[in-house]
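Worksheet: one structure, shown below.
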Amino acid sequence: MRFAVLWMFVGVIGCSKGRDNSAAVPGGQVATARDARSLDAAARLQDAASADARIVDAVVPGSDAATAAATKNIDAGSELEQRCADGKGPAAACAAWVKRIDDGSDTDFVSSSVYERACQGGSVVACRKHGKSLLDELDQPISDEGHKILDQACRNGHDALACLYVARQMMAESNDLKGRLPTAVERYLEPGCALGNAKVCNELGFAYATYAQIKDLAKAATAYDGACKAGDTAACDKAEKLRATP
């Protein structure tokens with residue numbers, strides 16, 4: 001019975017339908033036909049890899065079938081990596097590769113050229129990581145370009161960490177903190193916290209509790225509540241203490 005289920009999954013993989021070959025890259029430009037075809041191929045590889053993972057779960061661990069499925073899954077990932085070619089291959093392949101290896105953290109797993117190319121292929125995660133690397137540059141024009149990329153990843157891509165990075169940069173400009181602070185909070189930290197990210201909610205709570213220009217302990221407590229709901233237990237205590245403050 002177990003192997004019958006396995007062959008059913010394999011049959012589903014073989015009968016999967018093709019995908020729409022249209023794709024868009026940041027800036028509103030339509031991807032080339034080559035990248036569109038690459039996106040289609042990369043998407044099929046992703047689907048195959050996901051199906052392989054399900055097959056592994058369906059068979060006895062350590063069995064020949066499980067080993068074969070796991071090997072095929074690894075091979076699919078390796079092909080994506082090779083097609084991306086360290087950022088010199090099709091943008092869609094790089095985007096699929098970044099999606100495959102991203103674990104939700106902000107650790108960089110590949111080179112900056114891969115993130116740049118993957119960003120062109122529509123990966124919001126890659127845009128955030130590429131944008132942050134530019135934002136940290138001392139050269140102002142490059143840093144400004146990073147700001148623009150992160151702004152798009154935050155507001156259009158709904159990436160909470162991208163929102164956080166832009167806000168931190170704005171608040172770090174201490175020579176114009178008074179003018180930048182409200183924008184940093186309203187345009188980036190508030191939406192980022194609304195996405196349910198504990199780091200962003202903590203930053204928002206700190207801003208409302210600390211800076212005289214926008215100080216509002218009730219809003220600070222609400223922000224810390226958001227971090228608490230996202231799993232930060234220390235934020236729960238902060239919210240409670242703020243509400244207890246006369």
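A short reminder: the numbers here are calculations on the coordinates, not readings from a lab. Since this is a predicted model, take the numbers as computed values, not measurements. Don't worry about glycine lacking a Cβ; one is built from the backbone with ideal geometry, like all the others, and counts go over all protein chains shown.
A few comments on the model shown:
- Phi to ³J(HN,Hα) by Karplus 6.51 cos²θ - 1.76 cosθ + 1.60 over segment 208-216, Hz, x for Gly, Pro: 5, 8, 10, 7, 4, 4, 10, 4, 7
- Full extension of the segment from Ala244 to Asp144, taken as 0.36 nm per residue of separation minus the current Cα-Cα distance, would add 31.8 nm.
- Cα radius of gyration and Dmax for segment 163-246 (Å): 12.1, 35
- Stretching the chain fully between Thr183 and Thr210 yields a gain of 8.1 nm (0.36 nm per residue, less the alpha carbon separation).
- Per-residue ³J(HN,Hα) for segment 85-101, Karplus 6.51 cos²θ - 1.76 cosθ + 1.60, θ = phi - 60°, Hz, x for Gly and Pro: 6, 6, x, 9, x, x, 4, 5, 5, 5, 4, 5, 5, 4, 4, 5, 9
- Cross-link table Lys132/Lys215; Lys99/Lys238; Lys148/Lys219, entries beyond 30 Å C-alpha to C-alpha: Lys99/Lys238
- Residues Asp108, Asp151, Asp159, ranked from the fewest to the most other C-beta atoms within 10 Å, line up as Asp108, Asp151, Asp159.
- Close amide H pairs (under 5 Å, H built 1.01 Å from N) link Ser123 with no residue at least 5 positions away or on another chain.
- Going from the residue with the fewest nearby Cβ atoms within 10 Å to the one with the most, Asp139, Asp232, Asp216 rank Asp139, Asp216, Asp232.
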